[in-house]
């Protein structure tokens, strides 16, 4: 009858099921992939650059505005709400190596392969006005990164050394160095705003205080660190994106060992940025993946 349960004989002998474990593993992996696909994390793509995008910057006051710099020297300002480009600037000859917005959001800075630092208005020029920078600084060496102070009209560049600049001057207020290798990235602390960190090609992460003429501390890792990002809620905590496929979260008071090692990437980690809550951060890798990590977890969610 329809309510009678029919016994189905089954032989659990592993010799008769040689691929049982691999088959179950494949099913679990496919289920996980499909779950991620159906989550639909991808929203849209911003098309328009004629060459590869080399750097990006967020607007400090507007969530819908983001800036991008390309390898052909072109800078674009995007409106994320409308998903379209609202302004295009031919900023440099060669790569745009770094960019950052001023703390008030009225202007932004770019550095490039042409050894210049340029300050641009965030707003589009009036009708009939030419697209020209507010301020241009001619340097002696190529600058590879730039970041702005969170409260004052001061910014830092890196390359051969870390230079601290006043916006109204054409020469640096002070220059900080520790070693002879080039520096790839520099970032200001958003809470303790006089602190900044840099990543050098000799595998060092060096911490500086603007109020001192000498660096504070440094930590040496096994492989080179590409960039770092400070936690916006915990003043002494920063995360470093490393070439050894991992990210390392450090407390600057105890640099002997990292607080957490974040794994899962299968190639060099290129960039990292924190959420405003300070509870999670996102990382981008050469393995063509973007991962979101909880701050206190070793694996991405």
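What's log10 of I(q)/I(0) for region 197-296 at q = 0.13, 0.23, 0.24 Å⁻¹, Debye sum over Cα points only, no solvent?
Calculated log10 I(q)/I(0) at the listed q: -0.41, -1.25, -1.34.
When the Cα centres of region 262-297 and region 13-77 are compared, how far apart do they sit, in Å?
12 Å
Can you sort 45, 201, 68 by how many other beta carbons sit within 10 Å, fewest first? Mind showing how you got there, number by number?
On the way: 45 7, 201 14, 68 20.
Placing the least packed residue first, the sequence is 45, 201, 68.
Got a sec? How would 208, 12, 245 order by Cβ neighbour count within 10 Å, fewest to most?
Working: 208 26, 12 7, 245 16.
Ranking 208, 12, 245 by Cβ neighbours within 10 Å, fewest first, gives 12, 245, 208.
For the chain, take the longest principal axis of its alpha carbons; what is the angle in degrees between that and the long axis of helix 20-38, to the nearest 10 within 0 to 90?
In the chain, helix 20-38 runs at an angle near 40 degrees to the longest axis.
Convex hull over the alpha-carbon atoms of the chain: what's its volume per residue in Å³? Show your work: numbers first, answer last.
Numbers: hull volume 61.5 nm³, N = 301.
Taking the convex hull of the Cα positions in the chain, it is 204 Å³ per residue.
If you rank 283, 198, 275 by fewest surrounding Cβ atoms within 10 Å, what's the result?
Details: 283 24, 198 28, 275 14.
The order, fewest Cβ neighbours first, is 275, 283, 198.
For the residue pair residue 35 and residue 191, what label-to-label distance in nm results when each label sits 7 Å from Cα along the Cα-to-beta-carbon direction?
3.3 nm
Bear in mind that the values in this text are calculations on the coordinates, not laboratory data. Please read all numbers here as calculations on a predicted model, not as lab measurements. So basically every Cβ, Gly included, is an ideal-geometry build from the backbone, and we count neighbours across all protein chains shown.
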